[in-house]
Amino acid sequence: MKEKLIRFMQGRYGIDTLNNHALFLVIALFIVNIFFNNRIIMWLGYLIWLLVIYRMFSRQTYKRYQENEKYLKRIKPIQQWFNLQKKRLSDRSHKYYRCPSCKQMVRLPKGKGKIIVTCPSCHQKFEKRT
């Protein structure tokens, strides 16, 4: 049975980040629909679910890859913001800032007052309070 599934999926796109996030959205829509019982929410959930299935079994892998890359570019700032918040919560002895020119993450020790920081990647100098 496993071999048949592997043979069937050969040449097909499969699962990627866009599909995973869309599936989480579908689950959230169905849960919301339990409470509100709205046909629009239900049909929107089914439509997104069919889109996920279409993308997963598609043989146009290049087009699906391009769609995923565009999606990843759009959510990259959101992911970076969440990563920054996670680092700030886990490391209490340092502060994290972004370089104003290249957006590189810079870690600075707390309690040093105003200091001039040199970005490690673009070497631009900027002033921050720690």
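Couple of notes before you dig in:
- Matching residues in the range 57-85 - criterion: being surrounded by 11 or more Cβ atoms within 10 Å (Cβ to Cβ) and hydroxyl-bearing (S, T, Y): S58, T61, Y65, Y71
- Yes/no for R88 being surrounded by 12 or more Cβ atoms within 10 Å (Cβ to Cβ), outside any loop (DSSP other than H, G, I, E, B) and out of contact with any Gly (no Cβ under 6 Å at 6 or more places or on another chain): yes
- Of all residue pairs spaced 6 or more apart or on separate chains, those with beta-carbon atoms under 9 Å, a first member in the range 110-128 that is in the same structural domain as C99 (by TED's automatic domain parsing) and a second member that is loosely packed, with under 10 Cβ neighbours inside 10 Å and assigned to a loop (DSSP other than H, G, I, E, B) are K110/R92; K110/S93; G111/S93.
- Test: residue in the range 75-91 that is assigned by TED's automatic domain parsing to the domain that holds I6, of a type in the set (D, E, K, R) and under 30 Å from F8 (Cβ atoms): no
- Odd one out for G11 among (1) outside any loop (DSSP other than H, G, I, E, B); (2) loosely packed, with under 14 Cβ neighbours inside 10 Å: (1)
- Contact map, the range 3-22: first residue under 13 Å from E67 (Cα atoms), second residue of a type in the set (A, V, I, L, M, F, W, C) and at pLDDT below 85, Cβ cut-off under 8 Å, separation 6 or more or different chains; the map is empty.
- Being assigned to a helix (DSSP H, G or I), surrounded by fewer than 13 Cβ atoms within 10 Å (Cβ to Cβ) and either of a type outside the set (F, W, Y) or in contact with a strand residue (DSSP E or B) (Cβ under 9 Å, 6 or more places away or on another chain) (or both) holds for only one residue in N33, N20, and it is N20.
- Options L72, L84, L89: the member that is of a type in the set (A, V, I, L, M, F, W, C) and in contact with a helix residue (DSSP H, G or I) (Cβ under 8 Å, 6 or more places away or on another chain): L72
- Among residues of the range 62-93, those that are modelled with pLDDT of 90 or more and not polar (S, T, N, Q), counted: 16
- Scanning the range 109-130 for residues that are exposed (fewer than 13 other Cβ atoms within 10 Å of the Cβ), assigned to a strand (DSSP E or B) and not aliphatic (A, V, I, L, M) turns up P109, K114, T118, K125, E127, R129.
- Candidates in the range 79-130 are the residues that are of a type in the set (G, A, S) and within 29 Å of the chain's Cα centre (by Cα); of these, the one that is farthest from H21 (Cα to Cα) is S93.
- Among the residues of the range 36-60, the ones that are touching a residue at least 12 places away in the same chain (Cβ under 8 Å) and not in a helix (DSSP H, G or I) come to 3 in all.
The values are calculated or read from the model by the stated rules, or taken from the named source; none is laboratory data. Quick caveat: nothing in here was measured; it's all calculated off a predicted structure. So basically every Cβ, Gly included, is an ideal-geometry build from the backbone, and we count neighbours across all protein chains shown.
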